[in-house]
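Undergrad: What follows is a structure written as structure tokens; I'll ask about it next.
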Amino acid sequence: MVLRLIFVAFICLVPLKKVCAGTVTFLHDENIEVKLQDAAYPNYLTYSALFNYPGTTIFHLTETSIHLYSLKFNSKEYYLWIGDPTLHIQIDLTDSEIRTTDFLLISKNNWHTGEIDSNIEGLKKLNEIDIYYKNALDSLNNLAQTNDQFRNENSFNTITWDSRSAKRLYNLAIESFSYQFDENIFHYIPQYANYWQLLYKLYYQYYHPHSFKGLNKKEIKSKIESDFSPPQSQLLAFHHFFNAGLSLNDLKENFELFKASLSDREKVLVKALIQNKAVKNLSYSPQIDFLFGIDIDAAMESYFARDSSEKNHLIVFWSVWDKSMETEFSLLSDLKYDFNKEYKFVHICIDAYETPEKTKTFIYRNRAGGFHLLPEQSKAFRNSIYRKDLKIRSFPFYVLTNKQGEIIENESVSLEISGRLASKMRFFSTKK
């Protein structure tokens, strides 16, 4: 049974002011790494240390309306509340009583249970709202895990939906969870984004998967705004155009297109995300190798015969005409980083014979490291045993093989929609 939560929270905050941000200095034991991130969007905004000494780490704080940060050190996770981010604050992490009138350090366990020893009204309200969305999200996830009416599959510790189960869970969420609070703070609530990202997935990727078909980017934004009311529509549009899975080119293009309508908070997050993506691209130089052949099966048989890596393989069947592949390759690069010791990666573009140079340009532009098979004839994929045996009808389509090239698993759900492929790769990388 889903816990029905009805909660109305009002929170009054000081309007955003242009201020000169300060610094926070952490004192700690040697060989301790201190990580400071945005509380609501840690994947977007991770602060770089100004100075990093064996026992001291100093960060420069950015301007923000709500001074809540995520802090990690010594395998522990906290939320850090700073009363005035224009001050130069020193925090001794070796002290068991970590608090002053200038800041408050709260373990995430205490935060999630509402155990906050503070009289700061704004902080307590923010915590109440965050707990509300965490409970709502936990309730929906638990229902999807335990009741097959609200999911399609639950395999490899990953839930997927079809249109009917997604509709049921989405409608139940809309009916069961009510909320009202100051719209200016929705980008500062850690669990709010997670909750609505799940509803985005249910509504647009499973329930109405063709909502954006044939629409340009501005029309997509208008569609989201017509489907949802503020602030949900603003967050969903932000998630659609500025999620961490998009490529650097897409992020830059979307920022130029929509920056006039972005809030100051959103601009800070997007700029940080673009910078992180650019730094990652500069630090990663993928090895790209091409395989050519008229026959896919013969080319892959020859490839496996020559391979001596003793690794499993991930084979990706894809189409250069699929507009979603730029995002898919961006997400795939994260899997390559996580599983490069256990897997080798082979990409088979089924329609490369039509525009081989365009295909190569697409591969290089998206930095798709690994081997790439570019079939030279249109019948190559149609006659392939892979297509016939696995009944490949949609793309991208993923195939996992063992070291000998024998198929052990496949996945037809894209990385943009589900993380099940990563779960399968993890399972077979640890299986002896």
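The values are calculated or read from the model by the stated rules, or taken from the named source; none is laboratory data. Quick caveat, the model's predicted, so the values are computed rather than measured. All Cβ positions, glycine included, derive from the backbone under ideal geometry; neighbour counts span all protein chains shown.
Undergrad: L415 - would you say it is assigned to a strand (DSSP E or B), surrounded by 19 or more Cβ atoms within 10 Å (Cβ to Cβ) and in the same structural domain as F292 (by TED's automatic domain parsing)?
TA: Values: assigned to a strand (DSSP E or B): no; surrounded by 19 or more Cβ atoms within 10 Å (Cβ to Cβ): yes; in the same structural domain as F292 (by TED's automatic domain parsing): yes.
No, not satisfied.
Undergrad: Does at least one position in region 195-210 carry a residue that is surrounded by fewer than 16 Cβ atoms within 10 Å (Cβ to Cβ), assigned to a helix (DSSP H, G or I) and over 21 Å from the mean Cα position of the chain (by Cα)?
TA: Among the residues of region 195-210, not one is surrounded by fewer than 16 Cβ atoms within 10 Å (Cβ to Cβ), assigned to a helix (DSSP H, G or I) and over 21 Å from the mean Cα position of the chain (by Cα), which makes the answer no.
For (1) of a type outside the set (V, I, T); (2) over 16 Å from T401 (Cα atoms); (3) touching a residue at least 60 places away in the same chain (Cβ under 8 Å), each residue gets a yes or a no:
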residue: D264; (1), (2), (3): yes, yes, yes
residue: A272; (1), (2), (3): yes, yes, yes
residue: R306; (1), (2), (3): yes, no, no
residue: E328; (1), (2), (3): yes, yes, yes
residue: F339; (1), (2), (3): yes, no, yes
residue: V346; (1), (2), (3): no, no, no
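Undergrad: Return only the number of the condition from (1) of a type outside the set (S, T, Y); (2) part of a loop (DSSP other than H, G, I, E, B); (3) surrounded by 14 or more Cβ atoms within 10 Å (Cβ to Cβ) that E310 does not satisfy.
TA: (3)
Undergrad: Out of (1) crowded, with 17+ Cβ neighbours inside 10 Å; (2) more than 14 Å from P286 (Cα to Cα); (3) at pLDDT 95 or above; (4) over 21 Å from the mean Cα position of the chain (by Cα), what's the single condition that is false for P375?
TA: (3)
Undergrad: Also, quick follow-up: Of these, L236, L248, which one is within 18 Å of the chain's Cα centre (by Cα), at pLDDT below 95 and not assigned by TED's automatic domain parsing to the domain that holds D38?
TA: So the residue among L236, L248 that is within 18 Å of the chain's Cα centre (by Cα), at pLDDT below 95 and not assigned by TED's automatic domain parsing to the domain that holds D38 is L248.
Undergrad: Can you tell me which condition R265 does not meet? The list is (1) in a helix (DSSP H, G or I); (2) within 29 Å of T160 (Cα to Cα); (3) of a type in the set (K, R), and all the others hold.
TA: (2)
Undergrad: So K424 clears everything in (1) under 20 Å from the mean Cα position of the chain (by Cα); (2) within 25 Å of K277 (Cα to Cα) except one condition, right? Which one?
TA: Every condition holds for K424 apart from (2).
Undergrad: I174 passes all but one of (1) surrounded by fewer than 15 Cβ atoms within 10 Å (Cβ to Cβ); (2) among the aliphatic types (A, V, I, L, M); (3) outside any helix (DSSP H, G or I); which number fails?
TA: (3)
Undergrad: Among (1) free of Cβ contacts under 8 Å to residues at least 12 places away in the same chain; (2) crowded, with 18+ Cβ neighbours inside 10 Å; (3) not aromatic (F, W, Y), there is one condition T146 misses while meeting the rest; what is its number?
TA: (2)
Undergrad: Still on this structure: Exactly one condition in (1) in the same structural domain as S414 (by TED's automatic domain parsing); (2) closer than 25 Å to L248 by Cβ is not met by H313; state its number.
TA: Every condition holds for H313 apart from (2).
Undergrad: Restricting to region 153-166, name every residue that is among the polar types (S, T, N, Q), under 20 Å from L415 (Cβ atoms) and either surrounded by 17 or more Cβ atoms within 10 Å (Cβ to Cβ) or not assigned by TED's automatic domain parsing to the domain that holds L137 (or both).
TA: T160, the sole residue that qualifies.
Undergrad: Kindly indicate the residue of region 422-432 that is at pLDDT 95 or above and in contact with a helix residue (DSSP H, G or I) (Cβ under 7 Å, 6 or more places away or on another chain) and also farthest from H239 (Cα to Cα) among those meeting that condition.
TA: M425
Undergrad: Further question on the same structure: (1) exposed (fewer than 14 other Cβ atoms within 10 Å of the Cβ); (2) over 26 Å from L123 (Cα atoms); (3) touching a residue at least 40 places away in the same chain (Cβ under 8 Å): which one isn't true of H240, the others all being true?
TA: (1)
Undergrad: What number of residues within region 388-421 satisfy the criterion of being over 20 Å from K323 (Cα atoms) and without any contact (Cβ under 8 Å) to a residue 40 or more places away in the chain?
TA: Residues in region 388-421 being over 20 Å from K323 (Cα atoms) and without any contact (Cβ under 8 Å) to a residue 40 or more places away in the chain: 8 in total.
Undergrad: Checking the structure you have, find out if any residue of region 214-230 is crowded, with 18+ Cβ neighbours inside 10 Å and under 18 Å from the mean Cα position of the chain (by Cα).
TA: No - not one qualifying residue is present in region 214-230.
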